[in-house]
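Undergrad: One structure, pasted below without further comment.
The values are calculated or read from the model by the stated rules, or taken from the named source; none is laboratory data. Here the structure is a predicted model, which means the values were calculated and not measured. Ideal geometry is used to build each Cβ from the backbone, glycine not excepted, and the neighbour counts take in all protein chains shown. All accessible areas refer to the heavy atoms of the entire protein, side chains included, with ligands and DNA or RNA removed. Shrake-Rupley method; radii C 1.70, N 1.55, O 1.52, S 1.80 Å.
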Amino acid sequence: MKLGKAFYQHEDAVFMARALLGKVLVTRISGLLTSGIITEIEAYAGIRDKASHAFSNRYTSRTAPMYLNGGIAYVYLIYGIHSLFNIVTAPAGIPHAMLVRAIHPLNGLDIMQERRSSKHSKDIAGGPGKVSQALGIHYSDSGEDLQGDKIWIEDRGIVPHADEILSGPRIGVDYAGKDALLPYRFIYHYNA
DNA sequence: TATAAGATTTACT
DNA sequence: GTAAATCTTATAT
């Protein structure tokens, strides 16, 4: 069920993003289990992608986890407010990362609602900052191994049909010039 | 040491 | 539809 290290080794960022749609992201943080199907994701393709923090081989204490072997988390703080959760893929030295933009809640919906203190259960995890908040992921979790018992990804046999996947340009990356136009965003229209 | 800007969300007009 | 919130990180003195 839990995806092993081998799953994350593919070097094609777009392939990995599509492969992660329909997979189940699970966290057990302070003893509370929450999970959801990944329904929206964006690919950030390493050093040649201007929108990526690792563009032009930029290596800092923040981006360091992206350069490690695939199958770990890259989490960072944006706008001083939101933690954004990414899945690091590809072998060591290739800094690819997949930003999880939305999930469809499965386990622990009540816990997520409490964390989000939101009455709108429909909008509980529809946005990258909301996903992290609902699952209890914090930017201090960056570099966490996805083979551990805190954050991991499972295959529950959900395979999106080609008709259920849309792709398009990424969000909020206008500064990236023509890389902002790349169709690296994938949406899975999951029907419960 | 200082400054500018950001893979966004939320509340308010 | 517009703007404020809020603080780390990267880059420059």
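Undergrad: Give me Rg over Rh for region A:5-188, both radii from the alpha carbons and Rh done the Kirkwood way, two decimal places.
TA: On the way: Rg = 15.2 Å, Rh = 16.3 Å.
That ratio is 0.94, to two decimals.
Undergrad: Expressed as a whole percentage, what fraction of the accessible surface of region A:5-188 belongs to carbon and sulfur atoms when a 1.4 Å probe is rolled over the protein heavy atoms? Can you show the working numbers first?
TA: Details: 4540 of 8390 Å².
Roughly 54 percent of what the probe reaches on region A:5-188 is carbon or sulfur.
Undergrad: Along its three principal axes, how long is region A:97-192 when you only count alpha carbons? Whole Å, largest extent first please.
TA: 40, 33, 32
Undergrad: Considering every pair of different Cα atoms, what Kirkwood radius, in Å, is found for region A:34-135?
TA: Values: mean 1/r = 0.0706 Å⁻¹.
Value: 14.2 Å, from the Cα pair sum.
Undergrad: If you don't mind, another one. Give the total of Lys-Lys pairs in region A:5-188 with Cα-Cα distances below 21 Å; include a pair only if its members are 8 or more places apart or on different chains.
TA: Taking the Cα cut-off of 21 Å, the pair count is 9.
Undergrad: Top mean-square fluctuation among A:14, A:24, A:131, Gaussian network model of chain A, C-alpha springs under 10 Å?
TA: It is A:14.
Undergrad: Roughly speaking, what % of Cα-Cα pairs in region A:52-104 are separated by over 12 Å, rounded to a whole number? Write down the numbers at each step before the final one.
TA: Working: 859 of 1378 pairs.
Result: 62 percent of Cα pairs exceed 12 Å.
Undergrad: If you count only protein heavy atoms with a 1.4 Å probe, what accessible area per residue comes out for chain A, rounded to a whole Å²?
TA: On the way: 9080 Å² over 192 residues.
It amounts to 47 Å² per residue over chain A.
Undergrad: Could you let me know the centre-to-centre spacing of region A:64-117 and region A:135-180, using Cα atoms, in angstrom?
TA: Taking the Cα centre of region A:135-180 as reference, the centre of region A:64-117 is 6 Å away.
Undergrad: Tell me which residues come under 5 Å, amide H to amide H, from residue A:85 once H is placed; ignore anything under 5 positions away on its chain.
TA: A:100, A:132
Undergrad: If I stretch the segment between residue A:78 and residue A:33 completely, what's the gain in nm (0.36 nm per residue apart, minus their alpha carbon distance), one decimal?
TA: Working: separation 45, 0.36 × 45 = 16.20 nm, distance 2.51 nm.
Between residue A:78 and residue A:33, full extension yields an extra 13.7 nm.
Undergrad: Any chance you could look up the accessible area of residue A:2 with a 1.4 Å probe, heavy atoms only, rounded to 10 Å²?
TA: That residue has around 90 Å² of solvent-accessible surface.
Undergrad: Select from A:85, A:17, A:6 the residue farthest towards the positive end of the dipole of chain A; place +1 on Cβ of Lys and Arg, -1 on Cβ of Asp and Glu, and compute about the Cα centre.
TA: With unit charges placed on the Cβ atoms, the residue in question is A:85.
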